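Undergrad: Following this message is one structure expressed as structure tokens.
The values are calculated or read from the model by the stated rules, or taken from the named source; none is laboratory data. Fair warning: this is a prediction, and the values are worked out from it, not measured in the lab. Here the Cβ positions follow ideal geometry from the backbone for every residue, glycine too, while neighbour counts run over all protein chains shown.
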Amino acid sequence: MNPLKIVIISRNSYPTLSPRSHRTTELAKEFASRGHQVIIYTLLGDYDYTKYSKETGITFKNLGKSKLGALDNVGYKNNQFWAKIGRKLFSKSFEVPNIELLPMVRKALKHEKNIDLLITIAHPHTIHWGAAKYIKNNRNKIGTWIADCGDPYMKNPFKKHPFYFKYFEKEWCRLCDSITVPIHKAKDAYYPEFKEKIKVIPQGFNFNNLKLAHYQPNSVPTFAFAGQAYKGLRDPNQFLKYISSLSFEFKFIVYTKSVKIFDDYKEKLKDRLEIRDFIPRENLLFELSKMDFLINIENKSGVQQPSKLIDYALTKRPILNITSDFKERKAFNAFISKDYSKQAEITNIDDYNIKIVASQFLELYK
């Protein structure tokens, strides 16, 4: 394949720690390593990309600065009074603050010429909306447009949107060449008239230079959870309630930004619960590989799957899948006793190799 000009537009990229940021950065790095010209547009913030750009071969360009409070790549969010009021009053009805990305994306595309492959990455879906507004009248200026969706929008079972946003969704679905989703079940969350455009391409991970600890059983049962938790959706409350009733010593380590959901159990569990902030992926995998086992809280909906399951699998530690209502007490008790016969099986791990994932994207180029 001849070198392509590839433009990737995403709200965030490196150094932000999130699944969509990871998707953006890993794809760009792999494309650049193959000799393609790669440009990433994100909310850069004040991060200095000089060294990272030289190392990766990626050109970083700024979408702009959010006035309403969309997080940039260094975690800045405008929290002035009027921005807070705007988010509180109009977050649902007008997609504040992410609606700002619509004109930002359209403006960014006006600055670029002769784009061979455009990849827009959602969440948030307003990035797709902005691309659609530009491409509607400039289709000949974009070779192939791939709209990548980590989560669905209008048919997202966890977040309902006003009916009128369906027109925005149908517009970008109609105009793009392909829609990529991470799992097969996600196809059910899109309008049936666009099903033929949907391709399943999982989250991609760099398998090179993976550093794991030399595992040795811990002195007390030690297990971990990494990721976001959501009350009533991916909810650890029943699990926390159960382990709070246990009388023996253990250590539950949690890497999360969802600190509040654990607050009620800090006093009950004391030093048996340890809350840590997110850390870079390579460091996280090393730390998780020290655990006796790992906890995955399943989503209630089958159209979404936590991408961290692949990271879990790479640590080579047993994985216990639990539900929000925590009906897996017997399995957990077995894990505590080092009986991992009920561990989750992650098959076809090579499918998640970023080299294979990037090739699948390039195959969609027309």
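Undergrad: Going by the conditions given, is Asp116 out of contact with any Gly (no Cβ under 9 Å at 6 or more places or on another chain), in the same structural domain as Ser21 (by TED's automatic domain parsing) and not in a helix (DSSP H, G or I)?
TA: The answer is no for Asp116.
Undergrad: Further question on the same structure: Inspect all residues belonging to region 286-300 and state whether any of them is in a strand (DSSP E or B), farther than 24 Å from Lys231 by Cβ and of a type outside the set (Val, Ile, Thr).
TA: yes
A quick yes/no check of all residues on (1) hydrophobic (A, V, I, L, M, F, W, C); (2) touching a helix residue (DSSP H, G or I) at 6+ places or on another chain (Cβ under 9 Å); (3) surrounded by 15 or more Cβ atoms within 10 Å (Cβ to Cβ):
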position: Thr56; (1), (2), (3): no, yes, yes
position: Val74; (1), (2), (3): yes, no, no
position: Ala83; (1), (2), (3): yes, no, yes
position: Leu89; (1), (2), (3): yes, no, no
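Undergrad: Looking at the structure I just gave you, is Leu285 in contact (Cβ under 8 Å) with a residue 40 or more places away in the chain, touching a Pro at 6+ places or on another chain (Cβ under 9 Å) and surrounded by 14 or more Cβ atoms within 10 Å (Cβ to Cβ)?
TA: The answer is no for Leu285.
Undergrad: Considering only residues that are more than 18 Å from Glu171 (Cβ to Cβ) and among the charged types (D, E, K, R), which ones fall in region 108-144?
TA: Of everything in region 108-144, those that are more than 18 Å from Glu171 (Cβ to Cβ) and among the charged types (D, E, K, R) turn out to be Lys110, Glu112, Lys113, Asp116.
Undergrad: Turning to a different aspect of this structure: So how many residues does region 135-155 have that are outside any loop (DSSP other than H, G, I, E, B), in contact with a helix residue (DSSP H, G or I) (Cβ under 6 Å, 6 or more places away or on another chain) and more than 16 Å from Ser10 (Cα to Cα)?
TA: Residues in region 135-155 being outside any loop (DSSP other than H, G, I, E, B), in contact with a helix residue (DSSP H, G or I) (Cβ under 6 Å, 6 or more places away or on another chain) and more than 16 Å from Ser10 (Cα to Cα): 2 in total.
Undergrad: If a residue has to be touching a residue at least 12 places away in the same chain (Cβ under 8 Å), more than 16 Å from Phe332 (Cβ to Cβ) and in a helix (DSSP H, G or I) to count, how many in region 244-263 make the cut?
TA: Within region 244-263, residues that are touching a residue at least 12 places away in the same chain (Cβ under 8 Å), more than 16 Å from Phe332 (Cβ to Cβ) and in a helix (DSSP H, G or I) number 2.
Undergrad: Further question: Can you find, within region 1-30, the residue that is farthest from the chain's Cα centre (by Cα) among those that are crowded, with 20+ Cβ neighbours inside 10 Å, free of Cβ contacts under 8 Å to residues at least 60 places away in the same chain and part of a helix (DSSP H, G or I)?
TA: Filtering first and then ranking leaves Ala28.
Undergrad: Moving on to the next point. Can you confirm whether Asn296 is surrounded by fewer than 18 Cβ atoms within 10 Å (Cβ to Cβ) and not β-branched (Val, Ile, Thr)?
TA: no
Undergrad: Would you mind stating whether Lys185 is among the basic types (Lys, Arg) and within 19 Å of the chain's Cα centre (by Cα)?
TA: Yes: the conditions hold for Lys185.
Undergrad: In region 157-181, which residues are closer than 22 Å to Ser10 by Cβ, touching a Ser or Thr at 6+ places or on another chain (Cβ under 8 Å) and at pLDDT below 90?
TA: Residue satisfying the conditions is Phe158 alone.
Undergrad: Got a sec? Which of Ala132, Ala189 is small (Gly, Ala, Ser), crowded, with 17+ Cβ neighbours inside 10 Å, closer than 19 Å to Ile9 by Cβ and outside the structural domain of Phe286 (by TED's automatic domain parsing)?
TA: Just a single option satisfies the conditions, and that option is Ala132.
Undergrad: Restricting the first residue to region 90-111 and requiring it to be assigned by TED's automatic domain parsing to the domain that holds Ile39 and of a type in the set (S, T, N, Q), which pairs with a second residue that is surrounded by 16 or more Cβ atoms within 10 Å (Cβ to Cβ) and at pLDDT below 95 meet a Cβ separation below 6 Å and a spacing of at least six or different chains?
TA: Short answer, once both residue conditions are applied: Asn98/Ala70.
Undergrad: In region 102-131, which residues are under 24 Å from Ile183 (Cβ atoms) and out of contact with any strand residue (DSSP E or B) (no Cβ under 7 Å at 6 or more places or on another chain)?
TA: His123, Pro124, His125, Thr126, Trp129, listed by residue number.
Undergrad: So, one more: Which residue, of Lys211, Lys241, Lys195, is part of a helix (DSSP H, G or I) and touching a residue at least 12 places away in the same chain (Cβ under 8 Å)?
TA: Lys241
Undergrad: Looking at Lys342, Lys330 in this structure, which one is outside the structural domain of Asn156 (by TED's automatic domain parsing), among the basic types (Lys, Arg) and either within 21 Å of the chain's Cα centre (by Cα) or not in a helix (DSSP H, G or I) (or both)?
TA: Going through Lys342, Lys330 in turn, the sole match is Lys342.
Undergrad: When residues of region 47-99 are filtered for being within 20 Å of Pro15 (Cβ to Cβ) and not in a loop (DSSP other than H, G, I, E, B), how many remain?
TA: Going through region 47-99 one residue at a time, the tally reaches 12.
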